[in-house]
């Protein structure tokens with residue numbers, strides 16, 4: 001009976017939704033053209049940095065989750081809850097060094113108190129150099145309620161806190177809330193969170209000035225697409241039950257980002273090949289669920305992806321976990337490959353830093369014990385990389 005219950009849960013967590021898209025081992029790594037801007041830059045002798053150029057900026061002994069960068073180039077990362085270490089949120093201080101952020105107290109053992117980072121995941125630095133982090137509180141012996149926090153990166157002081165109640169973030173992983181990625185509109189005072197709940201995936205909009213929450217859930221665009229699986233290192237990414245049965249892994253509603261003007265929210269599922277858009281004013285101004293659902297549109301195509309960033313020019317940069325690559329979707333709907341590197345073993349997140357550099361966390365998530373019968377297949381170090389885009393980025397986003 002216990003295994004039957006677990007099987008039922010896994011079918012919800014990693015089950016398929018309906019769609020006409022497919023991804024087989026043969027077409028998992030799509031034939032995406034190289035970025036034409038790279039060729040133009042290569043022909044320009046005055047350009048020192050090439051579009052698509054990859055640099056490794058950190059080699060870590062701790063597993064990064066999401067990464068973000070400040071206006072002056074400081075690098076911060078959450079520590080992935082599937083590879084816990086001695087801290088849950090860090091600032092990268094050197095090629096191989098890091099320190100707990102904002103302090104040791106907030107990085108006390110997960111589950112040890114209310115003023116502790118339990119399982120932080122998404123992290124963003126906004127235009128005012130405030131660090132925002134969503135802590136979903138799952139993957140612990142006793143799950144904690146999720147919370148949204150903001151810290152001043154210079155003083156390390158707590159600037160904002162919101163604790164979600166059961167109606168705003170119902171349940172706990174795997175059936176319930178899995179609030180794991182976010183996009184921040186500092187100008188209007190809104191934070192948009194992707195809840196990758198298996199049963200109730202949602203967009204959660206937080207008005208940080210009014211301390212109110214709007215939850216919009218269970219739209220078909222939030223679901224994984226039928227027959228789309230996550231291919232990584234040539235194999236289907238799976239999770240295995242105690243009795244040895246395997247199922248495709250990959251969460252629904254996950255990558256989420258904002259246009260430069262804050263008027264459009266973009267999102268998709270990990271196991272999905274469609275990129276969607278939604279006017280944010282509907283979430284801000286109390287529109288009905290029907291009005292919000294009817295306003296969702298297809299914005300383009302995307303690879304199977306875990307992370308995304310949008311620049312000031314309207315280009316979307318996706319992690320392509322199957323191809324060990326970063327792909328770019330331009331405003332006119334063309335997809336090109338920005339960079340591909342064999343070291344990109346599970347690109348988890350991407351965020352812009354200064355000067356057109358796109359920073360990426362490389363964490364080998366598919367090699368973690370949870371997906372390998374309890375045995376780690378990870379090969380240290382974990383990486384923070386950066387790729388030069390040649391476009392106008394939005395720092396921290």
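The values are calculated or read from the model by the stated rules, or taken from the named source; none is laboratory data. In this text the structure is predicted, and so the values were computed from the model without any measurement. For neighbour counting, all protein chains shown are included, and Cβ atoms are generated from backbone atoms with ideal geometry for every residue, glycine included.
Just the residues that are over 18 Å from the mean Cα position of the chain (by Cα) and either over 24 Å from residue 175 (Cα atoms) or outside any loop (DSSP other than H, G, I, E, B) (or both), please, taken from the range 117-155.
127, 128, 129, 130, 151, 152, 153, 154, 155
Tell me, please, whether a residue that is modelled with pLDDT under 95, under 17 Å from residue 254 (Cα atoms) and buried (at least 16 other Cβ atoms within 10 Å of the Cβ) can be found in the range 161-173.
yes
What's the number of the condition residue 113 fails, among (1) over 23 Å from residue 371 (Cα atoms); (2) surrounded by 14 or more Cβ atoms within 10 Å (Cβ to Cβ); (3) without any contact (Cβ under 8 Å) to a residue 40 or more places away in the chain?
Residue 113 satisfies all of (1) over 23 Å from residue 371 (Cα atoms); (2) surrounded by 14 or more Cβ atoms within 10 Å (Cβ to Cβ); (3) without any contact (Cβ under 8 Å) to a residue 40 or more places away in the chain except (2).
So, restricting to strands (runs of 3 or more DSSP E) that lie completely within the range 197-312, which ones have at least 1 residues that are surrounded by 18 or more Cβ atoms within 10 Å (Cβ to Cβ) and out of contact with any helix residue (DSSP H, G or I) (no Cβ under 9 Å at 6 or more places or on another chain)? Talk me through it step by step, then tell me what you get.
Working: elements: 202-207, 212-217, 238-240, 246-248, 256-258, 264-267, 274-279, 297-301, 308-310.
Strands (runs of 3 or more DSSP E) meeting the threshold: 202-207, 212-217, 256-258, 264-267, 274-279, 297-301, 308-310.
Filter the range 174-189 for residues that are without any contact (Cβ under 8 Å) to a residue 60 or more places away in the chain and outside any strand (DSSP E or B); which is surrounded by the fewest Cβ atoms within 10 Å (Cβ to Cβ)?
Of all residues in the range 174-189, those without any contact (Cβ under 8 Å) to a residue 60 or more places away in the chain come to 176-177, 179, 189.
Then keep just the ones that are outside any strand (DSSP E or B); that gives 176-177, 189.
On the way: 176: 19, 177: 28, 189: 14.
Per the stated criteria, the residue is 189.
Given the condition in a strand (DSSP E or B) and farther than 23 Å from residue 262 by Cβ, answer yes or no: does some residue in the range 162-170 qualify? Give the steps one after another, and end with the answer.
Of the residues in the range 162-170, the ones in a strand (DSSP E or B) are 162-163.
Add one more test, that the residue is farther than 23 Å from residue 262 by Cβ, and what stays is 163.
Yes, the range 162-170 contains a residue that is in a strand (DSSP E or B) and farther than 23 Å from residue 262 by Cβ.
Is it fair to say residue 192 is in contact with a strand residue (DSSP E or B) (Cβ under 9 Å, 6 or more places away or on another chain), farther than 18 Å from residue 222 by Cβ, modelled with pLDDT of 95 or more and part of a strand (DSSP E or B)? Show your work before the answer.
On the way: in contact with a strand residue (DSSP E or B) (Cβ under 9 Å, 6 or more places away or on another chain): yes; farther than 18 Å from residue 222 by Cβ: no; modelled with pLDDT of 95 or more: yes; part of a strand (DSSP E or B): yes.
Criteria not met by residue 192.
Would you check if residue 159 is touching a residue at least 40 places away in the same chain (Cβ under 8 Å), in a strand (DSSP E or B), within 24 Å of residue 81 (Cβ to Cβ) and in contact with a strand residue (DSSP E or B) (Cβ under 9 Å, 6 or more places away or on another chain)?
Details: touching a residue at least 40 places away in the same chain (Cβ under 8 Å): no; in a strand (DSSP E or B): yes; within 24 Å of residue 81 (Cβ to Cβ): yes; in contact with a strand residue (DSSP E or B) (Cβ under 9 Å, 6 or more places away or on another chain): yes.
When the stated conditions are applied, residue 159 does not pass them.
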